[in-house]
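Single-structure report; data block below.
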Protein chains: 2
Amino acid sequence: MRQKTTAAERRAGLAAAERACSRSGKKLTPLRRRVLELVLNAGKPVGAYNLLKSLRADGFSDAPPTIYRTLEFLQAQGLVHRIAKSNTFVACSRPHDDHFGLIFVCRQCGGAVELEEQQVIADIGCCAGRLGFQMSRQVLEVEGTCRDCGAAL
Amino acid sequence: MRQKTTAAERRAGLAAAERACSRSGKKLTPLRRRVLELVLNAGKPVGAYNLLKSLRADGFSDAPPTIYRTLEFLQAQGLVHRIAKSNTFVACSRPHDDHFGLIFVCRQCGGAVELEEQQVIADIGCCAGRLGFQMSRQVLEVEGTCRDCGAAL
DNA sequence: CTCGTAACGTTATACTGTAACATCATTACA
DNA sequence: TGTAATGATGTTACAGTATAACGTTACGAG
């Protein structure tokens, strides 16, 4: 599974952050910008305490609330997703629009690929409707083995 | 969202456990049986440490490995699902067959409803196929607000 | 200028989960 | 029947994840 982020993708992610913040009237502070950069640079899901270590090197506070608050902000802007099954965070692949994504996470390499599948979303929305259930914006996590790791077995 | 389990459902869950164990050659010990009962009785997702408290009252060890090992066993038998987004465990609604389920979890009341939607599963399988991704059996978690909680707002 | 608010820092702690090893029970088999 | 192998459970200790509560700083609005 691809684990690199191109320079273009990183720029696009930061540009999306600028737009998201100006749209919502929030500020993309140096801390928030830096955390987003770290997540973008990782190119795959990364843990909160790993990010925290990097922040220390940059002179920011390395206490847990620092990173959790910042990630919460980035999530609220739709720039970062939390992957509950592995307690990690990953940059959103389509930060330009509110979406309901589908993310495939490899158990072996930890890599992740995010898709937006209209058909799946529509079907799930239909189920939710029958249940009278209101979905919130989120990503669905699908665990398994990616092509590269499967081939390596 | 419905949060009760009927006596019939509890009996069915335990009967399924007997079958699953005899099929796999594993033993449904008193501890395992009791934990499954507790999860069935809860009728909604329940945390590991809550279960642990109940075990203490029954004279079992209340150290964390007790409950995590037992839940792992029950998951392997397909009797219990883990809900990563809330770090909880819930009885499987269809313990009779290996399946790939879709579970709707209410943020307000913590209740959950599990569906098996062939169309959704097929669509996701199709995406996975295009990615060369091998899915493992699991449940997809959809977060939101259930009918009752939504009506109460 | 100062007030209000948002952002960030700091301390402490709660919650969730696992590693490693000991003990006990059961089964199979010499 | 002894005993070895295995599976199940108990026990201790700790690692990893996350949040509460409160203090401090920065900064724009009035």
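Can you compute the modelled spin-label distance between B:ASP58 and A:GLN75, with each label point 7 Å from Cα toward Cβ, in nm? According to this spin-label approximation, the distance is 3.3 nm. Considering only A:CYS106, A:LEU131, A:ILE67, and ranking their Cα positions along the charge dipole of the stretch A:2-153 that arises from unit charges at the beta-carbon of Lys, Arg, Asp and Glu, the one farthest toward the positive end is A:ILE67. Derived from the Cα gyration tensor, the three semi-axes of the equivalent ellipsoid of the stretch B:110-153 are 29, 10, 9 Å, largest first.
What FRET efficiency, computed as 1/(1 + (r/R0)^6) with R0 = 30 Å and r the Cβ-Cβ distance, is obtained for B:CYS126 and A:TYR49, rounded to the nearest 0.05?
On the way: r = 36 Å, r/R0 = 1.21.
According to the calculation, E is roughly 0.25.
Taking Cα pairs under 8 Å and at least six residues apart, what relative contact order does the stretch A:1-125 come out at, in percent? Could you put the intermediate results ahead of the total?
Numbers: 151 pairs, mean separation 32.7, N = 125.
Worked out over the stretch A:1-125, it gives 26 percent.
What's the long-distance tail for chain A, i.e. % of Cα pairs beyond 20 Å? Could you put the intermediate results ahead of the total?
Details: 6076 of 11628 pairs.
Looking at chain A, the distances longer than 20 Å represent 52 percent of pairs.
Just to confirm my numbers, what's the Cα centroid distance between the stretch A:1-76 and the stretch B:137-153 in Å? If we compute the Cα centre of each part, the gap is 29 Å.
Leaving out ligands, DNA and RNA, and with a 1.4 Å probe, what % of the accessible surface on chain B is carbon or sulfur? Let's see the in-between values first.
On the way: 3820 of 7550 Å².
Within chain B, the accessible surface is 51 percent carbon and sulfur.
For the residue pairs B:LYS26/B:LYS53; A:LYS27/B:LYS44; A:LYS44/B:LYS27; A:LYS27/B:LYS85, alpha carbon separations beyond 31 Å are given by A:LYS27/B:LYS44; A:LYS44/B:LYS27.
Apply the a/c threshold of 1.5 to the C-alpha gyration tensor of the stretch B:28-69 and tell me whether it is rounded, prolate or oblate. The shape class here is oblate. For chain B, the per residue solvent-accessible surface stands at 49 Å², with DNA, RNA and ligands left out and a 1.4 Å probe. Once the gyration tensor of the Cα atoms in the stretch A:7-91 is diagonalised, the equivalent ellipsoid follows with semi-axes of 18, 14, 13 Å, ordered largest first.
Only protein heavy atoms count here, probed at 1.4 Å, and on that basis chains B and A bury about 2800 Å² of accessible area in total. Peptide B:128-140 has a mean of 6 when you count, residue by residue, the C-beta atoms of other protein chains within 10 Å of its C-beta.
Note down the magnitude of the dipole of the protein assembly as shown about its Cα centre, charges +1 on Lys and Arg C-beta and -1 on Asp and Glu C-beta and zero elsewhere, to the nearest 20 debye. Don't skip to the end; give the middle numbers.
Details: 44 positive and 30 negative charges, 145 e Å.
Roughly 700 debye, rounded to the nearest 20.
Each of A:ALA15 and B:THR29 was given a label point 7 Å from its Cα along the Cα-to-Cβ line. The distance between the two points is 6.0 nm.
If you sort B:MET1, B:MET135 by accessible surface, 1.4 Å probe, largest first, the order is B:MET135, B:MET1.
Can you classify the stretch B:66-119 as rounded, prolate or oblate using the Cα gyration tensor, where a ≥ b ≥ c are the square roots of its eigenvalues, rounded means a/c under 1.5, and otherwise it's prolate if a/b beats b/c and oblate if not? Let's see the in-between values first.
Numbers: a/c = 2.43, a/b = 1.10, b/c = 2.22.
It comes out oblate by the Cα gyration axes.
Kirkwood hydrodynamic radius, the protein assembly as shown, all distinct C-alpha pairs: what's the number in Å?
Numbers: mean 1/r = 0.0476 Å⁻¹.
Final number for the Kirkwood radius of the protein assembly as shown is 21.0 Å.
Computed from point charges on the beta carbon alone (+1 for Lys and Arg, -1 for Asp and Glu), the dipole magnitude for the stretch A:82-153 about its Cα centre is near 220 Debye.
The values are calculated or read from the model by the stated rules, or taken from the named source; none is laboratory data. Remember, predicted model here, so these are calculated numbers, not experimental data. All Cβ positions, glycine included, derive from the backbone under ideal geometry; neighbour counts span all protein chains shown. To get the accessible areas, we keep the full protein, side chains included, count just its heavy atoms, and leave off ligands, DNA and RNA. Shrake-Rupley method; radii C 1.70, N 1.55, O 1.52, S 1.80 Å.
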